[in-house]
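> Mind having a look at this structure? Questions to follow.
We did not get these values from a lab; they are worked out from the coordinates using the rules stated. Remember, predicted model here, so these are calculated numbers, not experimental data. Methodologically, a virtual Cβ is constructed for each residue, glycine included, from the backbone with ideal geometry; neighbour enumeration extends over all protein chains shown.
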Amino acid sequence: MKDTDIKRLLYTHLLCIFSIFLSTFIPSFFLDNFSILETHLTWLGICSVFVTAVNLMLYLVVKPNVSSKRSSLSHKVTRVLKCCIYFLMSCFLLHVVFVLYGAPLTELVLETFLFAVILSTYTTVPCLCLLGPNLRAWLRVFSRNGVTSIWENSLQITTISSFVGAWLGAFPIPLDWERPWQVWPISCTLGATFGYVAGLVISPLWIYRNRKQLTYKNN
Amino acid sequence: MRLSSGAFAASCIAIEVVGVAIFLRGFFPAPVRSSAPTEQRAETPAPEPAAGASSNWTKLPPPLFSKVVIVLIDALRDDFVFGSKGVKYMPYISYLIEKGSSHGFVAEAKPPTVTMPRIKALMTGSLPGFVDVVRNLNSPALLEDNVIRQAKSAGKRMIFYGDETWVKLFPKHFIEYDGTTSFFVSDYTEVDNNVTRHLDEVLKRGDWDMLILHYLGLDHIGHISGPHSPLIGRKLSEMDSILMKIHTSLLAKERETLSPSLLIVCGDHGMSETGSHGASSTEEVSTPLILISSAFERKPGDSRHPKRVQQTDLAATLAIGLGLPIPKDNVGSLLFPVIEEKPMREQLRFLHLNTVQLSKLLQENVPSYEKDPGFEQFKMAERLHGNWVKLHLEENHSDILVGLGTKVLRQYLSALKTLSLSLSTQVAQYDIYSMVVGTAVVLENAAHPSSGWSEVDLLLLLGTVGHVLSLGASSFVEEEHQTWYFLVNTLCLALSQETCRSYFLGDDCEPQHHFHVEQGCEGVLTHTLQDSTVCNNFKPNRAGKGPSLSEAHGGCKWWTVLASPWLVLACCRMLRSLNQTGVQGAHRPDFSHWLTSSEHKVQLSGLAALSLLVIFMLVQRGCSLVSKAALALGLLGVFCYRAAIGNVLFPWQPDNKGISKGIVEARFVYVFVLGILFTGTKALLKSQVIAADFKTKTVGLWEIYSGLVLLAALLLRPHNLPVLAFSLLIQMIMTKFIWKPLRHDAAEITVMHYWFGQAFFYFQGNSNNIATIDISAGFIGLDAYMEVPATFLTVFGTYVGPVLWASHLVHFLSSEASSGSALSRACFCYALICSVPVATYIILVTSLRYHLFIWSVFSPKLLYEGMHLLITAVLCAVFTATDQTGRTKS
């Protein structure tokens, strides 16, 4: 494993963080009264679009895994369609999980669904970019000792930290501080975002620190 | 010889219970009480102090007022009278306050701001401690010395109309009464009309000395629609016209008799911005207190900013006003403006009586009372008073007398203030010593078992630690159900992940898992799940044509195993919306309200019957034939009981004839409960004595478990029967598809049982608030209130969740014959996981003892924790006993 790889990883991650920053600042030039807390749903949508766009761009530019060589057009189209279906399925699955966790069933449906969308953006989209619509590869990456590259390793870290962030984000909801960000699902989306950013920052550093111990089968 | 770890843990828990008991004894201070029995009537009033020459005035001073009318308006907040609402809707009272002969105060009520303790405070002048609230859930007669009792023994004739609580508190004290219940909160006109309808006649009659009216309508309006509802204004106008009627009638009477009368208007507690009460916000503790009498001087005072006094001050004032001895436990001080117009000698006499009573109380409650500044001031004032009396008796009408008199007066007033303050703070002081001892005992104990703790999942550990830490925040204590639901959900997701992983990836590193993954033809994943028996059967031909067969066998299991955590999650979600609990969610509409409303009786009956059926199906599988029949009859009895008391309907008898107390039906069920428990215990003992086969013991444990289930079915309200059914369902699912196939460790299973038990405690509608305890469970099958069975039934009804899950744990672990020490390890774990929160919570409460919410939030939780610990101790004893049974056998 080379240090250049880690450097590339770091740059791509910095780009992702930058896209989240942009999503908080750019819309205020075009939209009146834009703020993360008050027009939260708008921000969720914009942030989700930005992060997805950056991930796709990075996928096309950096191409971290150069495995699939078959590049017929129909194959590509089915692949893209499959990715879209996977993404939607993950959104619905997460929505169901939130409802099971106690989110209201009939009220605030849009809020809950957009939370599912943003969490999918942080977790499913990178997986789809990196691993493609291949469930076996996903299971391999998210099981013990299954990662085969630093990309996959960082994917593991960011995904888990996003979920943990969203999980921790639910903690302040019952507190009686009566702050605007305690409203469902704002604290959870913010938690997921912070978790994602933290994962993006931590994973290159962690890989860099443990680069001696890390041995991947393919490298 | 080494004691088994389970027995060790059980004894530790027993010691811890003692520790918590010591702590509670210190934490909930005994209220300031006079030790003299109240029956003792011979006590003479304190004579007027005199230096040298003895005073001739030893009797109690005569009453100031011939008639007293107390109008208590429930939840009357200070701004309803003194604020803009008062000016708008209560013009007569506002006029009296501004122009008339009256004194207006803002009386501060001490939390808990609930009606009964407030009535006690008003009439005894003492501060009911928190324990009083717990002790007096049944509102028995007031035993302490109070104004009403004194008035009765002085031969005053009293009439009462209004809230029933008074009649319960002061039985046989009123010559005439009519109690209205505050049961139907939605009724706010009828309750007040029931009070007012007597008024004309009573006012005309005039053969009474004291009239007490307690109006509930305003409180009910507050509960329904809050303090800004338009209904409030209408109600206030109604109250104003009633007060005007009373006042004019009193004035007319006064013209005949020429002795002044007193009209008192007060509230027992205020109303928060949402319309409820009970806590300690400014809106809830501020109540108006208005004294109206022609004896008072008309003076245009600053009525916009009335003086703040304590609610307890009314008792002393009332006693003086009626010429009665001041109640012994009174901590309030006389409202001085009331006696301001009296001659100096009488003023001093009244103040002296009050200070003597307060200093007596101080002497009885504080060992070092002589150093108390209030007591010193009192001694000084008494001496000065003596001098003054001497001068007065010498007919010395000079300026010196007036000057000295004012000085004595000032001295008395400051003494009263200091004494009253030091007595009130006495109530809020903690017995630190016993708290420290209790904490030490609890801690010492929690520290011991932690050495034996090793192999529990990260989640289980983190969740437990997180829950313990969350107890430090009042909101998390109020909303503890959210914590448990969250943890249980996360646990289910983690289990789902574990099942997925062990199924799809085979997890070669964990050979104990029973999922064997076979990769058949390359590229295609063919997974088969094999039970251990299946595995053994097919081992020889597994490599060859085995897969197709075992796939067919395992196919259904494969799906059920993967789906089971999700099924449990779905069950939990449904239960969560059954009962909304906590503080923030309590007002939200939930399924149980819908069910219990009278127009949905049919649905409720259907659901209850269905739940009972499910309970029977799930429980009968492990029982012997006799117990099966008993269980079926018992569950039928439960339905009959609910039908008899009118909760549910029989399908063949849609209009129930009469509502009885259902004593026969309930006792019928009790017989079966005892029968099943008895057979279970017998089987257990048999398995120990004659070393019968292993199965007898398992069946015995299951029978004990099913007996408890039957008892729970009887005690839980019909809309909570689904909770019981779902609890059994989840136990079945978890046992069959998760714990057995995944072969969890005994410690892990114990922690999971504990978590589910806690979650079910809240699913049932409980919370960390005393008010949610279902006391009606204590009266099932009893004619009258019997303390021991009622307490036992209430406690069991409240802690159904933890108890049932723990007994399921015992059965599950002893049915798994794999390791002999599993049960004792489980006992160890269970004891630890229950004692750690208690120990931490005690430290937290000690450090937060001056927190604003200590009485409203932390103390009830402390009581719940103490009770839970006691139950845990009993459960651990059962664990150990079962374990010993197992040991002697093997």
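> Sort A:91-97, A:35-41, B:290-296 for me by packing, meaning the mean count of neighbouring Cβ atoms within 10 Å per residue, highest on top. Could the numbers behind the result be given before it?
Working: A:91-97: 17.3, A:35-41: 15.3, B:290-296: 21.7.
Top of the packing list down: B:290-296, A:91-97, A:35-41.
> Then there is this: Quickly work out the residue B:234-to-residue A:18 label distance, labels modelled 7 Å from Cα along the C-beta direction, and quote it in nm with one decimal.
Taking the simple label geometry, residue A:18 and residue B:234 are separated by 6.7 nm.
> Let me ask something additional. Output the relative contact order of chain A, whole-number percent, from Cα pairs under 8 angstrom with separation of 6+ residues. Don't jump to the answer; show the numbers that get you there.
Values: 210 pairs, mean separation 51.6, N = 219.
Over chain A, the number comes to 24 percent.
> Further question: Place the peptides B:187-198, A:108-119, B:223-234, B:263-274 in order of packing, highest mean first, counting for every residue the other Cβ atoms within 10 Å and averaging per peptide. Numbers along the way, then the final one.
Values: B:187-198: 17.2, A:108-119: 20.9, B:223-234: 15.4, B:263-274: 22.8.
With the highest mean Cβ count within 10 Å placed first, the list reads B:263-274, A:108-119, B:187-198, B:223-234.
> Which order do peptides B:674-681, B:831-838 fall in by mean Cβ count within 10 Å, highest first? Don't skip to the end; give the middle numbers.
Numbers: B:674-681: 18.9, B:831-838: 24.9.
Descending packing order for the listed peptides: B:831-838, B:674-681.
> Cross-link candidates for residue A:76: which lysines have Cα within less than 19 Å, leaving aside residues fewer than 8 places away along the same chain?
A:63
> As a quick test, which of the pairs B:172/B:661; B:235/B:307; B:88/B:245 have an alpha carbon distance above 21 angstrom in this structure?
Working: B:172/B:661 27 Å; B:235/B:307 26 Å; B:88/B:245 18 Å.
B:172/B:661; B:235/B:307, as the Cα separations exceed 21 Å there.
> Given a Förster distance of 35 angstrom, what is the FRET efficiency for residue A:182 paired with residue B:305, based on the Cβ-Cβ distance and rounded to 0.05? Could you put the intermediate results ahead of the total?
Details: r = 37 Å, r/R0 = 1.06.
Using R0 = 35 Å, I get an efficiency of 0.40.
> Provide the gained length on full extension for the span residue B:465 to residue B:371, in nm with one decimal, where the gain is 0.36 nm per separating residue minus the Cα-Cα distance. Before the final figure, lay out each step's value.
On the way: separation 94, 0.36 × 94 = 33.84 nm, distance 4.67 nm.
Taking 0.36 nm per residue and subtracting the Cα distance, the gain is 29.2 nm.
> What spacing in nm lies between the two simple spin-label points modelled at residue A:41 and residue B:650, each 7 Å away from Cα in the Cβ direction?
In this crude label model, residue A:41 to residue B:650 measures out at 5.4 nm.
> Please work out how much length the chain gains when fully extended from residue B:786 to residue B:88, using 0.36 nm per residue of separation minus the C-alpha to C-alpha distance, in nm with one decimal. Could the numbers behind the result be given before it?
Values: separation 698, 0.36 × 698 = 251.28 nm, distance 5.09 nm.
So the chain would gain 246.2 nm between residue B:786 and residue B:88.
> With respect to the cross-link table entries B:110/B:601; B:120/B:360; B:168/B:204, which display a Cα-Cα separation exceeding 32 Å? If you can, show how the numbers build up before the last one.
On the way: B:110/B:601 41 Å; B:120/B:360 21 Å; B:168/B:204 27 Å.
As for pairs spanning more than 32 Å Cα to Cα, those are B:110/B:601.
> Can you work out the FRET efficiency for the pair residue B:566 and residue B:588, with r the C-beta to C-beta distance and R0 = 25 Å, to the nearest 0.05? Kindly include the intermediate steps, with their values, before the conclusion.
Values: r = 26 Å, r/R0 = 1.03.
Efficiency for this residue pair is about 0.45.
> Let me ask another. By how many nm would the segment from residue B:360 to residue B:168 lengthen if fully extended, with 0.36 nm per residue of separation less the alpha-carbon distance?
Numbers: separation 192, 0.36 × 192 = 69.12 nm, distance 2.95 nm.
Full extension of this stretch gives 66.2 nm more.
> Rounded to the nearest 500, what is the 222 nm mean residue ellipticity of chain A from helices alone, with -39500 (n - 2.57) per DSSP H run of 4+ residues and division by all residues?
Working: 8 runs with 152 residues, N = 219.
The per-residue figure over chain A is -23500 deg cm²/dmol.
> Whole-Hz Karplus ³J(HN,Hα) for the stretch A:41-46, in order, using 6.51 cos²θ - 1.76 cosθ + 1.60 and θ = phi - 60°, x for Gly and Pro?
The phi angles translate into 5, 4, 4, 4, x, 5 Hz.
> Using a simple spin-label model with points 7 Å from Cα along the Cα→Cβ vector, what separation in nm is obtained for residue B:421 and residue B:671?
6.7 nm
> Another question, if that's okay. Using alpha-carbon pairs under 8 Å, 6+ residues apart, how would you state the relative contact order of the stretch B:619-750 in percent?
Details: 121 pairs, mean separation 33.4, N = 132.
For the stretch B:619-750, the relative contact order is 25 percent.
> May I ask you to list the lysines whose Cα is less than 21 Å away from that of residue B:697, ignoring any residue fewer than eight positions away on the same chain?
Of all the lysines, those that pass the test against residue B:697 - Cα under 21 Å, at least 8 places apart if same chain - are B:628, B:682, B:686, B:736, B:740, B:889.
> While we're looking at this one, here's another question. Relative to the longest principal Cα axis of chain A, at what angle does helix A:3-25 sit, 0 to 90 degrees, rounded to 10?
20 degrees
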